[in-house]
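Before any comments, here is the structure.
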Amino acid sequence: MLITTAYNRQLAYAYARRWAFERNPLFYNFAGIGGDCTSFVSQCVYAGSCEMNYNMVNGWYYSNSENRSPSWTGVSYFFEFMVTNKGNGPFGIETDEKGLEIGDVIQLSNVEGKYYHTLLVTGFEGGTYLVSAHTDDAFNRRLDSYHYSEARFIHIEGVRQYVKNSDSCFDNFYNGISIDG
């Protein structure tokens, strides 16, 4: 049975703080083959939701480097999943920058309009957001220190999940023991 629960922003933040400058051994490091930013943000969002969507067509999941959805690692696919997901897993809306909270997502585009970088909101300072990312590893880096043409903003509204015991999920995931609790 699917129920809607709150997205745990503090767990997403804690995961970003723990793994911003390291790599969780449960995940492949995509830095050398296109970038690890969206995978890292997916990991953070998973830490705050503990629910993947294993739909083979339009899901959001990671089992290993060869068995993952495009939305786990691809900037545009991540956006599409988050703002259109009606099934299980986290879901959100595109918003303006005033609609963001810790644990939400910012994506940056170049002058051609191609979105190329995914960041997790981890704080606020002096009128700008603090963000965390992989590839160019960062924790609480000022958004205004990035060079980009446009930004889009995803507010994670909640998580649809199957009823299960999720207490063990975060501990095992956070400590690099298992993905599925």
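The values are calculated or read from the model by the stated rules, or taken from the named source; none is laboratory data. Keep in mind the model is a prediction, meaning the values are calculated, not measured. Cβ sites come from the backbone with ideal geometry, for glycine too, and all protein chains shown count toward neighbours. When the accessible area is computed, the model is the full protein with side chains, heavy atoms only, and any ligands, DNA or RNA have been set aside. Shrake-Rupley method; radii C 1.70, N 1.55, O 1.52, S 1.80 Å.
Using the rule -39500 (n - 2.57) for each DSSP H run of four or more residues, divided by the residues of the chain, the 222 nm mean residue ellipticity is -7000 deg cm²/dmol. Between residue 162 and residue 55, the contour length at 0.36 nm per residue exceeds the Cα-Cα span by 37.1 nm. Length available on full extension from residue 149 to residue 112: 0.36 nm per residue minus the Cα-Cα distance, which gives 12.5 nm. To put it simply, the accessible area of the stretch 1-113 at a 1.4 Å probe is 52 percent carbon and sulfur. Only protein heavy atoms count here; on that basis, with a 1.4 Å probe, residue 121 has an accessible area of about 0 Å². Taking amide H atoms as placed 1.01 Å from N in the peptide plane, the amide H of residue 28 lies under 5 Å from those of 65, each 5 or more residues away in sequence or on another chain. The mean sequence separation of alpha-carbon pairs under 8 Å and at least six residues apart, normalised by the residue count of the stretch 51-111, gives a relative contact order of 23 percent.
Scanning residues 5 or more positions from residue 89 or on other chains, those with amide H under 5 Å from its amide H are 160, 161, with H placed 1.01 Å from N in the peptide plane.
Phi-derived couplings, Karplus 6.51 cos²θ - 1.76 cosθ + 1.60 at θ = phi - 60°, listed residue by residue for the stretch 142-157: 5, 4, 6, 8, 8, 9, 7, 8, 9, 9, 10, 10, 10, 9, 6, 8 Hz, with x used for Gly and Pro.
Per-residue surface analysis assigns residue 160 an accessible area of about 50 Å², computed on protein heavy atoms at 1.4 Å probe radius. What the chain shows is 47 Å² of accessible area per residue, with the surface traced by a 1.4 Å probe over protein heavy atoms. Cβ distances below 4.7 Å define possible disulfide partners, and in the chain the cysteines left without one are 37, 44.
Extension gain for residue 22 to residue 124 (0.36 nm times residue separation, less C-alpha to C-alpha distance): 34.4 nm. Rounded to whole numbers, the Karplus 3J(HN,Hα) couplings from phi for the stretch 17-25 are 4, 5, 10, 4, 10, 9, 10, 5, x Hz, using 6.51 cos²θ - 1.76 cosθ + 1.60 with θ = phi - 60°, and x at Gly and Pro. What FRET efficiency comes out for residue 29 versus residue 83 if R0 is 35 angstrom and r is the Cβ-Cβ distance? Round to the nearest 0.05. About 0.85, to the nearest 0.05.
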